[in-house]
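**Q** First the structure, then my questions, so here it is.
The values are calculated or read from the model by the stated rules, or taken from the named source; none is laboratory data. Keep in mind that what you see is a predicted model, and the values were worked out from it rather than measured. Reconstructed Cβ throughout: ideal geometry from the backbone, glycine too, with neighbour counts over all protein chains shown. Heads up: the accessible areas ignore ligands, DNA and RNA and are worked out on the full protein's heavy atoms, side chains in. Shrake-Rupley method; radii C 1.70, N 1.55, O 1.52, S 1.80 Å.
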Amino acid sequence: GFLIPLMYVSMHHMLKEWFGIPVPAFIVNTMHGNANAMNFALTQFLLLLPILYVNRKFFSVGFKTLAHRSPNMDSLIALGSGAALVYGIFAMYRISCGLGYGDMAVVEHYAHDLYFESSGTILTLITVGKYLESRSKGKTSEAITKLMNLAPKVAILVTEDGQEKEVPTESLQKGDIFLVKPGSLVPVDGIVLEGNSSVDEAAITGESVPVEKQAGDHVVSATVNKAGFLKCRADRVGDDTTLAQIIRLVEEASASKAPIAQLADKVAGVFVPTVMTISLITLIVWLISGATAEFAISTAIAVLVISCPCALGLATPVAIMVGTGVGASNGILIKTGEALQQAKEIDTVVLDKTGTITSGKLKVEEAGGYQSDFPMDAMMQIAAALEKKSEHPLAEAVVEWAEQFGLAIPEIVDFKATFGRGVEGTLAAEFRAVESVKNDGPTAVFYAGKQNDTTDGSGKTTEQNQMARNTVSGASSVIIPAGTKFYVGNLAFLQENHITLPEEATEGLNRMADEGMTPLLVAQEGRFLGVIGVADTVKATSYEAIRVWEKMGVKVIMLTGDNRRTAEAVRQKLGISEVVAEVLPQDKEKKVSELKRQGHKVAMIGDGINDAPALKKAFVGVAMGGIGSDIAVDAADIALVDDEVTELPHLIALSKRMMRTIKLNITFSLTLNFIAIVLAITGTLNPVVGALVHNAGSVLVITNSALLLKWRQTASQSFASADAKSV
């Protein structure tokens, strides 16, 4: 608001004389010419004062660090801007004297030698850059506030006389009895006394499949009770809960994260004392050579003024502003310039599993019928009919699959659910199941295995297996009479109902489990029908990204709260060199800290609450934006708009390109400053040339930074085929 009129007033004569741009008459009448020189100078000074006030921190910090003999970028800004201000005030006094004595040559000289606009430009542009950066910067306090809001505000306390009473969660004491109703959050850590349910612990542990809870099991604060009713005893309350520990880890990690030393600060540490020394030498040399004191002082100050680091000060923030903007337009939301600078140094990527490598949603990945007279679709229809009455996430996956392919779901009566085992029910009416032909969806697998020879481990011949596949492919249908009883559940559930699995089917179940799937067994009363494999599926892009990182020489580690068997299955599918499973949030943070102590530049990629401490602790924290929690996004330095990890190689490439731009900007600005200082030392620096040097440096830096806008993401395949150095 103040810089724009300041620049217009200071340069209106150039607009008119050089470019022929019309200038309003009132400005010409009050600001133009020697007679109006004091109006011209005083107006610029008054417009500069608010800019100086808003940016006073540069002076307080800059001169303090200069006094401590450790000048940084603030020192350079304060020194250059301050010198321009002092010289401008000196010029105003000389203009006043010139007008008083009628010396128009002095008036004209100093009217073109004010430099108030230089003082205001550097302060304003750098402040605008910092403001834009701070607007997008994630604040730890916001992440912690959201973490605190996860815990329910009230809990249902069971009083000594057996009454239910709503109380504030923070008032719960160790040993209190509380209730957790279906669909509500667990208020504090505790032990189940009565009831059974499945609890979604993905936010805390990363476990993709809800955990069955019954008497004697532990429940954790901020997890979601999916279906059943639980009566629990408070075990850890207040600051001792798991959620409180996560909050504490986020706070500690944030406090311990040291800011990167800015390249411009390092340059300023050498540049400031050098310029001050040159200015002092200039003053002494001119005085010794017999020049007037005014000329010597004015030449010495000119050295400081001309080195006013407009270009040098803009070298880093402008490039960062453009880089973060380009990242955003390509789906990479960079919250700090520091993070963008650091990304180029990443040598280790630590990945969460659920929601990062995998989709975070349970799906039917494989299904197969075992009985040749019972088509797979018929089995899926029966399974969906039973599971439709259940609220378990595994059940939701089966129903979703059946609905996706438009399968008719029959009515089930006499439904019964056995906690931790499975469900059973009876067909309400006769049902005709017709096998449909599907081009996608789960593969039909018969537990005879894959047939490459005439026989396999099951003893079935290839001909028998081919007959089964023909049945499944859509060639037949089956009529199921009303009153037929069916079961869907785990192996223990079928065994309890006197249904035996053949040996080859058991081998198939083990294979499924080894591949990270949860098998759901389907049976008719008296016989086993088949199996449905449900899993949190691996994203195709995860494999692609890991191959890219290998080409770039980046080590990949998977860190998950999920069970070891599932984690190992994912590791084998993706070829990840190292996996750490069954870890709690504090263990994730410890692993990242350990890698940092070993000298690795670690990028942590996650999407959940349980990843927040590790995201804060990492060299660069990256949150999955597509499905990630707000808390993970707040705790991270960078958020991806999509939930694809393939964006990270592009981030590294952008970081390297931006740092090259910053170094080039600094080289430009130092070169221009060197030329201008030489001219100032000799006393031959024309004020117009001085103004051009200032503006040319800034324009050059801004133009070079704008070239970053031409940066575009290339296809991930090009990264995969590229040499690590060229990437």
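**Q** Sorted by accessible area (1.4 Å probe), largest first, how do 414, 634, 514 line up?
**A** The ordering from most to least exposed comes out as 414, 514, 634.
**Q** Work out, step by step, the length gained on full extension between residue 594 and residue 432: first 0.36 nm times the residue separation, then minus their alpha carbon distance; give nm to one decimal.
**A** My answer for the length gained is 52.3 nm.
**Q** When N counts the residues of segment 313-412, how does its alpha-carbon radius of gyration compare numerically with 2.2 N^0.38 Å, as a ratio?
**A** This ratio for segment 313-412 stands at 1.92.
**Q** Can I ask one more? State the extension gain, in nm to one decimal, for the chain segment bounded by residue 34 and residue 153, taking 0.36 nm per residue of separation less the distance between their alpha-carbons.
**A** Length difference between fully extended and current span is 35.6 nm.
**Q** So how far, in whole Å, is the C-alpha centre of segment 214-239 from the one of segment 539-595?
**A** When both Cα centres are located, 29 Å separates them.
**Q** What percentages make up the Cα-Cα pair-distance distribution of segment 355-411 when the bins are 10 Å wide from 0?
**A** Computed distribution, short to long bins: 23, 50, 22, 5, 0.
**Q** Less than 13 Å Cβ to Cβ from residue 114, Lys/Arg counted +1 and Asp/Glu -1: what total charge do the surrounding residues give?
**A** -2
**Q** Here's another thing I want to ask about it. Multiply the residue separation of residue 537 and residue 372 by 0.36 nm, subtract the distance between their alpha-carbon atoms, and state the gained length in nm to one decimal.
**A** 56.6 nm
**Q** Here is a further query. Taking every pair of Cα atoms in segment 477-544, average 1/r, invert it to obtain the Kirkwood radius, and report Rg/Rh to two decimals.
**A** Here Rg/Rh amounts to 1.09.
**Q** Continuing with the same structure: What spacing in nm lies between the two simple spin-label points modelled at residue 416 and residue 103, each 7 Å away from Cα in the Cβ direction?
**A** Taking the simple label geometry, residue 416 and residue 103 are separated by 11.2 nm.
**Q** Also, I was wondering about something else. Quick one: how many Å² of residue 551 are accessible to a 1.4 Å probe, rounded to 10?
**A** That residue has around 110 Å² of solvent-accessible surface.
**Q** Using a Förster radius of 51 Å, what is the FRET efficiency between residue 703 and residue 572 based on their Cβ-Cβ separation? Nearest 0.05, please.
**A** Numbers: r = 51 Å, r/R0 = 1.00.
That gives a FRET efficiency of 0.50.
**Q** For segment 534-584, which GluC sites (Glu not before Pro) are in a loop by DSSP, counting at most 16 other Cβ atoms within 10 Å? Please list the in-between numbers first.
**A** On the way: sites: 544, 550, 568, 578, 582; in loops: 582.
When the GluC sites (Glu not before Pro) of segment 534-584 are filtered for loop state and at most 16 Cβ neighbours within 10 Å, 582 remain.
**Q** Amide H of residue 431: which non-local residues (sequence gap of 5 or more, or other chain) have their own amide H closer than 5 Å, using H built in the peptide plane?
**A** Amide H neighbours of residue 431, under 5 Å, 5+ apart: 480, 482.
**Q** Residues with amide H under 5 Å of residue 213's amide H, sequence separation 5 or more or different chain, H placed in the peptide plane at 1.01 Å from N; which?
**A** Amide H to amide H, under 5 Å and 5 or more residues apart or across chains, residue 213 pairs with 197, 198, 199.
**Q** How high is the FRET efficiency from residue 294 to residue 328, r the C-beta distance, R0 30 Å, rounded to 0.05? Walk me through the intermediate numbers first.
**A** Values: r = 52 Å, r/R0 = 1.74.
Here the calculated transfer efficiency is 0.05.
**Q** At a 1.4 Å probe radius, which order do 392, 12 fall into by accessible area, largest first?
**A** 392, 12
**Q** Next question, about the same structure. Any idea what diffusion coefficient segment 486-641 gets from Stokes-Einstein, in µm²/s, Kirkwood Rh on alpha carbon pairs, 25 °C, 0.890 mPa s?
**A** 138 µm²/s
**Q** Count charges around residue 352 for me, please; just the other residues with Cβ under 11 Å from its Cβ, Lys/Arg as +1, Asp/Glu as -1.
**A** Here the charged neighbours net out to -1.
**Q** To continue, here is another question. Quick one: Cα convex hull volume of segment 159-252, Å³ per residue?
**A** 92 Å³
**Q** Give me the log10 of I(q) over I(0) for segment 1-61 at q = 0.12, 0.16, 0.24, 0.26 Å⁻¹, as the Debye formula computes it from C-alpha points; what are the numbers?
**A** One equal scatterer on each Cα of segment 1-61 leads to -0.35, -0.57, -0.97, -1.08.
**Q** Considering the Cα positions of segment 57-113, please state its Rg to one decimal place and its Dmax as a whole number of Å.
**A** Radius of gyration, then largest Cα-Cα span, for segment 57-113: 15.8, 47 Å.
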